[in-house]
1. Please give the residues from the stretch B:140-166 for which the solvent-accessible area of heavy atoms, probe 1.4 Å, is smaller by at least 30 Å² with all protein chains in place than with the chain isolated.
2. Can you pull the mean other chain C-beta count within 10 Å for peptide A:80-86?
3. Under the definition of Cα pairs under 8 Å and six or more residues apart, what whole-number percent is the relative contact order of the stretch A:35-124?
4. If I model a spin label at residue A:176 and residue B:73 as a point 7 Å from the Cα along the Cα→Cβ vector, what separation in nanometres do I get?
5. Describe numerically, in nm with one decimal, the distance between label points set 7 Å from Cα along Cα→Cβ at residue A:273 and at residue A:418.
6. Are there any helices in chain B, counted as whole DSSP H runs, that stretch 20 Å or more along their axis by Cα and score at least -0.5 on average by Kyte-Doolittle, and if so which?
7. So for the stretch B:2-171, averaging the separation of alpha carbon pairs under 8 Å that are six or more residues apart and normalising by length, what relative contact order in percent results?
8. Hey, got the average number of other protein chain Cβ atoms within 10 angstrom for residues in B:131-139?
Amino acid sequence: MWEIIQSNRRKSILLVIIMAVLLLLVGSVFGEYFVQSYQGGLILAFAIWLLLSILAYFQGRNLFLAISGAHKIQKADHPRLFNIVEEMKIAAALPAMPEIYLIDDPAPNAFAVGQNPEKAAVAVTTGLLNTLNRDELQGVIAHEVGHVVNRDTLFMSMIGVMLGTVVMLAEIARRTLFFGGGRRRSRSSSGAGQAQVIILIAGLALMIVAPLIARIIYLAASRKREYLADASAAVFTRYPEGLASALEKISVSPIRMRKVNSVTAPMYIINPLQKLHDTRDSLFSTHPAAKNRIQILRSMAGGSGYLEYDQAFRRITGESKAFLPASALKQPGIKPGLRKPAVETVIPTAAPDMTRMMTGAVITGAVITDGIQEPVTPQAKARETSDAVWKSKGYRFIRCECDAILKVPPDFKRTGVQCLRCNRVHELNPVPEPT
Amino acid sequence: MTYVLIFLVAIAVLIFWVFGLYNGLVRLRNAVKNAWSQIDVQLKRRHDLIPNLVETVKGYAAHEKETLARVISARNFAMNAAGPAEAGRAEGALSGALKSLFAVSEAYPDLKANQNFLALQEELTSTENKIAFSRQAYNDAVMRYNNMTEVVPSNIIAGMFNFKASEFFEIVIPEEKDVPKVSF
């Protein structure tokens with residue numbers, strides 16, 4: 001894992017340098033036209049970038065969560081989700097438990113944010129909880145934790161800010177040059193005029209090309225990091241099929257996300273705005289085609305390590321270059337079979353006979369049913385998820401003797417509440433005032 | 001004069017290189033220690049959960065005394081185990097005993113509907129997963145550390161400063177070693 005973080009860091013620095021050069025170029029041309037000094041433009045571009053970077057570093061995480069309408073949940077709200085996140089935290093050796101957020105949206109999706117592994121957060125939609133089983137959910141969480149471990153959450157927001165600054169400056173310059181750029185030329189003498197025109201055209205061309213290049217760099221980095229997080233997920237769970245089947249379910253879901261825009265879309269595990277059934281990675285997509293990602297995970301023959309992922313990656317995409325550093329591929333110790341094989345306990349219909357039960361294990365194809373408590377019917381699962389939403393909003397649950405469950409809103413002031421089914425009155429303890 | 005200088009620089013480079021290798025070994029050894037403490041946390045959590053589980057099951061399936069006794073004795077045995085190898089065997093026996101307890105519980109619908117039991121079952125299953133994942137992380141760390149102590153040239157440093165290879169942690173579940181019978 002360290003090798004990957006290291007190699008990521010080296011490549012990231014290169015990308016950041018290219019982005020910085022673009023930013024400064026655009027800034028100087030911008031300055032040349034608006035304040036008649038390229039130094040002024042450089043300073044302006046730098047100031048905007050610095051301001052946005054500081055904002056993104058310290059507030060980006062909370063901004064993202066707020067824009068997506070995510071609520072923080074506690075362990076009691078959804079113990080299974082909490083446990084899955086903790087399992088992946090352990091597998092990835094994260095220094096701290098990520099915070100968990102729930103987004104009330106029927107479309108299945110998830111994302112991770114956080115400037116460092118100590119302050120990470122993962123957010124999942126209620127649709128994801130309703131659609132996926134435990135193994136699939138584990139795969140998704142592992143992918144998100146992979147983003148955190150590989151420092152993608154920090155890097156993508158930082159490089160995103162640079163992209164944003166380049167695009168913004170170029171946009172302003174382009175519009176003004178098209179519509180009001182004549183003023184400067186008329187003031188200058190005719191001899192310098194020709195050179196000015198050439199500079200103007202060159203500047204204009206730069207303003208058109210620079211944002212494009214910046215965007216292509218950003219998106220290429222984004223796609224690569226999705227593959228990498230998939231590989232990490234396979235390593236953490238030792239079970240690529242979990243993530244593969246989750247990606248399949250998420251990508252074929254016809255439900256569109258509600259609170260999403262082009263800024264937040266690249267953060268999700270599957271881009272909520274990307275068209276379904278794309279099979280090729282285009283220059284302008286934020287994520288690799290889901291079909292490829294699934295196929296790579298499914299054709300990881302004989303293991304779940306980085307080496308197997310890399311081989312599968314090259315087979316499916318037809319690329320000859322290894323996309324992981326050689327030192328990571330050599331890394332031993334990642335073998336299949338560390339994960340328990342799927343075992344279903346056979347329950348004899350006759351009197352329980354211990355010895356038969358223990359040896360009568362049946363190897364099944366996919367799901368681990370062994371001991372894992374999970375609501376079986378879709379209705380029960382949906383109930384569990386919506387309860388988690390209620391609980392995260394501070395509703396209190398009271399179980400009546402008639403088995404009805406009363407959900408009392410947090411701002412309910414009266415001391416008693418009547419059951420709607422049997423009219424029993426339940427006393428409410430006063431809510432402790434939040435201090 | 002220049003030869004002396006070159007010699008001195010070479011010595012300095014060598015010393016820093018040795019420092020680097022030494023520090024690398026220390027870091028890896030600490031990673032192994034940290035990973036082991038993670039396993040310990042999870043094992044302890046499992047030991048703490050078991051009395052609750054036994055109490056809950058007793059209320060519904062009192063005559064499964066034998067299974068319950070097996071779980072309790074496996075827990076006590078596991079709590080007193082020392083070192084990765086012994087702990088591995090003891091925890092394996094405990095996993096086996098727990099599995100049989102959950103299998104038995106299938107025959108008691110009232111027990112299976114009990115909220116407390118369901119919550120405990122999720123907790124224990126997840127703890128089992130966490131043990132497996134922390135074991136996976138521990139073994140990865142041990143592999144990295146052991147490799148470093150064995151490959152040239154860091155093995156020389158490891159030998160000089162007494163970096164010993166670490167033990168892997170394998171949980172041996174008695175039933176899992178047998179070839180499972182497949183029934184159709």
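1. B:140, B:143, B:144
2. Working: counts 3, 0, 1, 7, 2, 0, 6.
Partner-chain Cβ atoms within 10 Å, mean over residues of A:80-86: 3.
3. Values: 86 pairs, mean separation 23.3, N = 90.
The normalised contact order for the stretch A:35-124 reaches 26 percent.
4. Output for this residue pair reads 8.6 nm.
5. Placing both labels 7 Å beyond Cα along the Cβ direction yields 5.1 nm.
6. Values: long enough: B:2-60 (87 Å, 0.59); B:65-79 (21 Å, 0.08); B:83-105 (32 Å, 0.36); B:115-150 (52 Å, -0.78).
Helices meeting the criterion: B:2-60, B:65-79, B:83-105.
7. Values: 133 pairs, mean separation 59.4, N = 170.
Once divided by the residue count of the stretch B:2-171, the mean separation gives 35 percent.
8. Going residue by residue through B:131-139 and averaging, the value is 6.
The values are calculated or read from the model by the stated rules, or taken from the named source; none is laboratory data. Predicted, not measured: the structure shown is a model, and the values here were computed from it. Here Cβ is always computed from backbone atoms with ideal geometry, including for glycine, and neighbour counts include all displayed protein chains. Heads up: the accessible areas ignore ligands, DNA and RNA and are worked out on the full protein's heavy atoms, side chains in. Shrake-Rupley method; radii C 1.70, N 1.55, O 1.52, S 1.80 Å.
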